[in-house]
Structures are given as structure tokens and as C-alpha cells.
């Protein structure tokens, strides 16, 4: 529970919450059904949202760290003039699950390091986050093993948990969230509502079927760079980069300038990249630090396990997206199991 308190709400109250966001100038994005899965899309009605979704195809990262982002325009006349052109607007991301909340916290940590990404920070400051406790987990979820779910205590302005049919516990996580909720005149939550949430969380924890043991895996993986699992898995891998695209924590990007025909004006572009792609580690004259597919696959997995770049910082939050959307059916939890000698 946020320090400022908590409330209870019904479905029509959540619609009033959406209306209040709109009144304050926010564009609201939330999980809607797309085919057999879900996507974060613009919404105006609570009825458009699927509050029982499992995972979206692309994570909420797409709204904070876009696939392609125009950073600034520049002119080359007598000097060098720069005009910032970050595309920033007030948005609400409604219905982010605990694992994705943790992923955003990891992105916040990375992009706030010097030199700071001013475009990311500008978007982040104008984004209000509404977390949503999962209603169910599936056979690809393993956030419970990593401590990134199914319960959230940080990373949100408002957190919503369905504690019975059509009845919700609404917790405050920031002053911005409290200011919005105060306008709705909701009833304050009572101990029995928190007890209902506790039972719901315990039920979720008992529902996980996939597990992953990352304890000590960073050191172990670095000690097994010649393990046959890298080559064996690479024989199936397509090096398509899909795992990076759907991962809520992968942040690698490329920067390039696009000049007009006069060579006097241009724009700098930031575009998502993937270490799985052949060109990622390519340098001048065609040199490549990770030319072999097995090397690229290993590097991506080392990053997930916390063994890339000399750190023990795991960039996996157990959402299962890379497993679900891998066309070669590669499962990083199975690779972790092999490395640990299982």
C-alpha cells in the first residue's frame, strides 16, 4: 500500500478515473485484445480494456523508449545549431503488470546514468503509471522466481487489484496518483480488502508452473563460455532479434544522422537495435566482435542472466515474452537449467 492510503472502487469508478485522466490532458493507453494476444493501445472506455490479460506482445517500453525516435534537428551554417525535437506528450499507461513495472524501473535506472537520455527522461516525467496486479498467470510466466511479480510495491502512481468480481482495491503510489484519486471521492479501503488482496497474491504464487533459478548464474555463465549449449541453441536460432524487440528491458539502440541534399540541415535518429543482429557488433572495415550466431545468442543470454558488461545486473523480469514470441521456440529458462547442471 502506498503511504498516502488506499481506496475501493467498482468498474464504473475506473471509468471515472479514465475520464479524469482525459480531463487533465492525458492520453490513455491500456491493454486491448489483438487476435489471440494483447497490445497497449489508446483507449477512452474501461470496457475497451481487458483487465484479465496475461501479457502484451510489445511491452509498455514502446511508449517510453520508442522503436524509432527523432532526437533533434540541426543546421550547419556559420556554426552548428541544435533544436531539440523529442516527441513528448502527457500519457497514462493503464494496466501495467508487476513484472513490467520492474522493467520500467530498470529502464529508468539505465537512462538516468550520465550522460542522461533527455528525451527518455522528458517522456518519463510526463507519464503517469497505473499498475494492475495480474488476475492469472500462464505456463510461460516465471516472474515469481525472480522476485519481480506477481506483487508490486513500487514503480506505480496508482495500483489496481481486482479482489472480487467487479470490485477493486486501488492503492496510491505517488502524490500525482493521490491528487487524481482524491477527485473521485472513493471509499477508503478496510483491512478485509487487503486480506482479499493477500489471498489473491498467494493464489497467484501457487499457480506458477515455470521456474528459473538465476542465483549465481551470472558467474556460472561467464565460466562456461565454451559450453555446448550456446552452439546447440544457435543451430535453431534465426538471429531475427525478435527477443530484443519484445523484451521489456532490452534498451540497446543505434544513433545516426540523416542529412538533406544541401548537407546543411539534418536530423539525429535513435532507433532500437539488437545484439542478435549481425551488424550490431560490426566496426570499421567489416570487423565484427560477434560474427558467429552462437556468439550473439550467448551475449544476449548473458545479458539476461546478468553476466554482460562485467556486471551482475540481470535484465530479465520473467515476463515470458521472449519464449512466447521466439519463432525457434528457444526458452532461456531451459538454458539456465542446463548451465546449472540440471
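Checking the structure you have, find out if any residue of the stretch 159-176 is part of a strand (DSSP E or B), exposed (fewer than 13 other Cβ atoms within 10 Å of the Cβ) and either more than 26 Å from the chain's Cα centre (by Cα) or at pLDDT 95 or above (or both). Yes - at least one qualifying residue is present in the stretch 159-176. Flag set for residue 322, criterion: under 24 Å from the mean Cα position of the chain (by Cα) and assigned to a helix (DSSP H, G or I). If only residues of the stretch 217-244 that are part of a loop (DSSP other than H, G, I, E, B) and without any contact (Cβ under 8 Å) to a residue 60 or more places away in the chain are counted, the one that is surrounded by the fewest Cβ atoms within 10 Å (Cβ to Cβ) is 226. Scanning the stretch 255-277 for residues that are surrounded by fewer than 14 Cβ atoms within 10 Å (Cβ to Cβ) and under 28 Å from the mean Cα position of the chain (by Cα) gives 255, 256, 257, 271.
In this structure, is residue 59 touching a helix residue (DSSP H, G or I) at 6+ places or on another chain (Cβ under 7 Å), assigned to a loop (DSSP other than H, G, I, E, B) and in contact (Cβ under 8 Å) with a residue 12 or more places away in the chain? Considered against the rule, which asks whether it is touching a helix residue (DSSP H, G or I) at 6+ places or on another chain (Cβ under 7 Å), assigned to a loop (DSSP other than H, G, I, E, B) and in contact (Cβ under 8 Å) with a residue 12 or more places away in the chain, residue 59 comes out as yes. Under the condition of being surrounded by fewer than 18 Cβ atoms within 10 Å (Cβ to Cβ) and under 16 Å from residue 92 (Cα atoms), the residues counted in the stretch 27-49 number 8. Of 72, 94, 83, all but one fail to be within 27 Å of residue 260 (Cβ to Cβ), in contact (Cβ under 8 Å) with a residue 60 or more places away in the chain and assigned to a strand (DSSP E or B); the exception is 72.
Per this entry, residue 156 is counted among residues that are within 30 Å of residue 217 (Cβ to Cβ), modelled with pLDDT of 95 or more, crowded, with 23+ Cβ neighbours inside 10 Å and in contact with a strand residue (DSSP E or B) (Cβ under 6 Å, 6 or more places away or on another chain). On the basis of being closer than 23 Å to residue 148 by Cα, surrounded by fewer than 21 Cβ atoms within 10 Å (Cβ to Cβ) and touching a residue at least 40 places away in the same chain (Cβ under 8 Å), does residue 317 make the cut? Taking the combined requirement at face value, the residue does not satisfy it.
The values are calculated or read from the model by the stated rules, or taken from the named source; none is laboratory data. What you see is a predicted model; the values in this text were computed from it and never measured. FYI the Cβ positions are ideal-geometry reconstructions off the backbone, even for glycines, and counts take in every protein chain you see.
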